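K.L.:
One structure is given below, represented as structure tokens, and several questions about it will come after.
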Amino acid sequence: MTQSLSFDGLSTIYDRTRESEPTRFEASLDWLSRRFPRDKFNSVLEPGIGTGRVAKQLAKRGYRVTGVDLSLEMLKRCIENNTAASSVSCLLG
């Protein structure tokens, strides 16, 4: 029997298991924005995009995000969570 790396079964609760202190999360996004300024790095690849929590915030900062995930259910959540962000694309793979 092979083991799946898919998070399909966790898609409805995943974000609750990844919550972090809001200022720490913002600080991480600030660091990424400084390290990879939009004028030089306007496109981001996010492997394991999951529900798109990080992608959504990067899109709000003006980045175009392409995310890849093994889980179709997680990608469905990502699309739902990013309906207003046309700069987030999700791929299964």
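The values are calculated or read from the model by the stated rules, or taken from the named source; none is laboratory data. Just so it is clear, the structure is predicted and the values come from calculations on it, not from any experiment. Ligands, DNA and RNA are excluded from the accessible area calculation, which covers all protein heavy atoms including side chains. Shrake-Rupley method; radii C 1.70, N 1.55, O 1.52, S 1.80 Å.
K.L.:
State the percentage of accessible surface on the chain attributable to carbon and sulfur atoms; use a 1.4 Å probe and exclude ligands, DNA and RNA.
P.N.:
54 percent
K.L.:
Whole number in Å², please: accessible area per residue of the chain, 1.4 Å probe, ligands, DNA and RNA not counted.
P.N.:
70 Å²
K.L.:
While we're looking at this one, here's another question. If you take all C-alpha pairs in the chain, what percent of them are over 19 Å apart?
P.N.:
Considering the chain, 42 percent of its Cα-Cα pairs are separated by more than 19 Å.
K.L.:
Would you please state the base-10 log of I(q)/I(0) at q = 0.14, 0.18 1/Å for segment 10-53, with intensities from the Debye formula using one equal scatterer on every alpha carbon?
P.N.:
Reported log10 I(q)/I(0), two decimals: -0.45, -0.69.
K.L.:
Length gain on complete extension for the stretch Thr17 to Thr83, per 0.36 nm per residue less the alpha carbon to alpha carbon distance? Please report the intermediate quantities before stating the final value.
P.N.:
On the way: separation 66, 0.36 × 66 = 23.76 nm, distance 2.22 nm.
Length gained, Thr17 through Thr83: 21.5 nm.
K.L.:
Under a GNM of the chain (C-alpha, springs under 10 Å), which listed residue has the highest mean-square fluctuation: Thr23, Thr12, Thr51?
P.N.:
Thr23
K.L.:
Once a ≥ b ≥ c are taken as the square roots of the eigenvalues of the Cα gyration tensor of segment 48-91, is the result rounded (a/c under 1.5), prolate (a/b larger than b/c) or oblate (a/b not larger than b/c)?
P.N.:
Judged from the Cα gyration tensor, segment 48-91 comes out prolate (a/c at least 1.5, a/b above b/c).
K.L.:
Whose amide H sits under 5 Å from the amide H of Val68, counting only residues 5 or more places off or on another chain, with H placed in the peptide plane?
P.N.:
Sorted by chain and number, the residues that satisfy this are Glu46, Gly48, Ile49, Leu91.
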